[in-house]
Amino acid sequence: MSAARTGTQAGTGSSRIDRRRFLGIAAGLAAAGGAGGAGLLTAADPAPGHLTHHSTRHAAGHRRRRLRPLFLGTYTSAAGGGAGVGLGTYDTVTGRITRTGVVEGVADPSYLALAPSGRTLYAVDEQERGEVTAMALTPGGPPTVLGSRSTGGAGPCHLSVHPSGRWLLSANYLSGSVAVHPVDRATGSLGARTDLVTHTAPPPGPGQDGPHAHQIITAPDGRHVLAVDLGNDTVYTYRLDESAGELTQVSYASLRPGAGPRHLTFHPSGAFAYLANEVDNTVVVCRYDRRSGRLTPGAPQSTGTGPGTSYPAQLLVTRDGGFAFLANRGHNSLTRYAVEAAGARLRLLDTVPVGGDFPRQIAFSPDQRWLFAAHQKSGSVTVFAVDARTGALQRAGAPFPAPVPVCVLPL
């Protein structure tokens, strides 16, 4: 058996949290010092006195339509960290971000996910006693915290909502386990955990002290759930019982020892997936069998970062399947790939400076016109315009200051 239902936590949990949270944060906090609001403007306003009352109202309505919500995850326990989930807007024409507030009372919300309905936001509480928190989104008002539930593990760092909207899936990094919670479809609130599976085999990779679940997602077919474990160099495939909320392992894919798989992203076809390996600084194209849920990794390939220390963080793939982007921490760049052979091949095009230090997470705007990068060490978020034809990236304005941002979610 490669997984067991157990709540056992890793004995070295606290040291792992320290390594993940505080590695070099102090060096970049100066950039967060100006986060009080100065210089955080929306798109250029019309010059005063040049509009009639009617045209002023029209312009104001136009600007409101241009502004979309944006949420920021942070570490509240880190020096200089946030007070909860950051709230803001971004301009759909310029990409510029404006801060609007914070949802307090959510501890270390290092990863965020939106329900398929768009009415509920979920956050991990990446602490020794891990939790997941639900927040109701109200048009025209701040989110309302609905409550939190224990993940049964330590250091949850990723979560996702099943496409049915009925189940929340989360990954406990420190204890190497994955959890399932039921979702009340009427309110979005969370029920008591229905399953907890700890990864017990294969054994940990070189230099690892145990399993470290880093991601859990549902495959595009909706039939299988995949969990990426950095400590075991393994991606596990489960089938979710949508009546009971329980996971049954059906296969697993082993990466080469010491790869350190961190983040998996599917091609729109669902036949291929791309895996970022944090420890050996590689990317792997994987073939995915929809019927069995089996993932078959290919050969590791370059991230384009050259010699030196670099830790791949996350991959994004465009909706049309034409391009893929990789965030590189340490090298502090974004790698651009052309996706070829109907998803079977990644061809490295270039790397561009990301404009911040330690890009922990990247995200597209829903229309994929903009790419956002959250920089843990420099305390900033950068925005790039994405050329739909070439995949080329162009910086949009100055970095947005934010307290230890590790996740950005534009809606």
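The values are calculated or read from the model by the stated rules, or taken from the named source; none is laboratory data. Not measured: the values here are computed from a predicted model. Because the Cβ atoms are built from the backbone with ideal geometry, glycine has one as well, and the counts that use them run over all protein chains shown. Ligands, DNA and RNA are stripped out before the accessible areas are found, and what is left, the full protein with its side chains, is counted by its heavy atoms. Shrake-Rupley method; radii C 1.70, N 1.55, O 1.52, S 1.80 Å.
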Segment 383-411: number of residues that are under 22 Å from ALA123 (Cα atoms), under 18 Å from the mean Cα position of the chain (by Cα) and buried (at least 19 other Cβ atoms within 10 Å of the Cβ): 9
Members of segment 66-89 that are of a type outside the set (Gly, Ala, Ser) and open to solvent by less than 10 Å² (accessible area, probe 1.4 Å): LEU70, THR74, TYR75, VAL85
Residue under evaluation ARG347, criteria (1) in a strand (DSSP E or B); (2) open to solvent by 40 Å² or more (accessible area, probe 1.4 Å); (3) closer than 29 Å to ALA402 by Cα, criterion not met: (3)
Looking only at segment 138-156, and only at residues there that are touching a residue at least 24 places away in the same chain (Cβ under 8 Å) and in a loop (DSSP other than H, G, I, E, B), the one that is farthest from SER243 (Cα to Cα): PRO142
Test: residue in segment 100-108 that is of a type in the set (Gly, Ala, Ser), modelled with pLDDT of 95 or more, in a strand (DSSP E or B) and open to solvent by 20 Å² or more (accessible area, probe 1.4 Å): yes
Filter result for the condition that a residue is over 21 Å from PRO116 (Cβ atoms), modelled with pLDDT of 95 or more and either open to solvent by less than 10 Å² (accessible area, probe 1.4 Å) or assigned to a strand (DSSP E or B) (or both), over LEU159, LEU174, LEU169: LEU174
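For every residue, the table says whether it meets (1) of a type in the set (S, T, N, Q); (2) closer than 19 Å to TYR288 by Cβ.
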{"position": "ASP184", "(1), (2)": "no, no"}
{"position": "SER189", "(1), (2)": "yes, no"}
{"position": "ASP221", "(1), (2)": "no, yes"}
{"position": "TYR238", "(1), (2)": "no, yes"}
Counted residues, segment 305-339 - those being open to solvent by 30 Å² or more (accessible area, probe 1.4 Å), outside any strand (DSSP E or B) and out of contact with any His (no Cβ under 9 Å at 6 or more places or on another chain): 5
Single match in VAL250, VAL284 (criterion: buried (at least 18 other Cβ atoms within 10 Å of the Cβ) and either among the polar types (S, T, N, Q) or at pLDDT 95 or above (or both)): VAL284
Residue list for segment 184-208, filter: acidic (Asp, Glu) and surrounded by 15 or more Cβ atoms within 10 Å (Cβ to Cβ): ASP195
Looking only at segment 350-371, and only at residues there that are part of a strand (DSSP E or B) and of a type in the set (S, T, N, Q), the one that is most open to solvent (accessible area, probe 1.4 Å): THR351
Segment 209-235, residues that are within 18 Å of PRO116 (Cα to Cα) and open to solvent by 10 Å² or more (accessible area, probe 1.4 Å): ILE217, THR218, PRO220, ASP221, GLY222, ARG223
Hits in segment 198-235 (condition: more than 22 Å from THR265 (Cα to Cα) and either of a type in the set (A, V, I, L, M) or within 17 Å of the chain's Cα centre (by Cα) (or both)): ALA201
Sole residue being under 26 Å from HIS162 (Cα atoms), crowded, with 17+ Cβ neighbours inside 10 Å and of a type in the set (Lys, Arg), chosen from ARG262, ARG290: ARG262
Test result for SER251, more than 22 Å from THR198 (Cβ to Cβ) and without any contact (Cβ under 8 Å) to a residue 60 or more places away in the chain: no
Residues (surrounded by fewer than 19 Cβ atoms within 10 Å (Cβ to Cβ) and of a type in the set (Val, Ile, Thr)) located in segment 90-99: THR92, VAL93, THR94, THR98
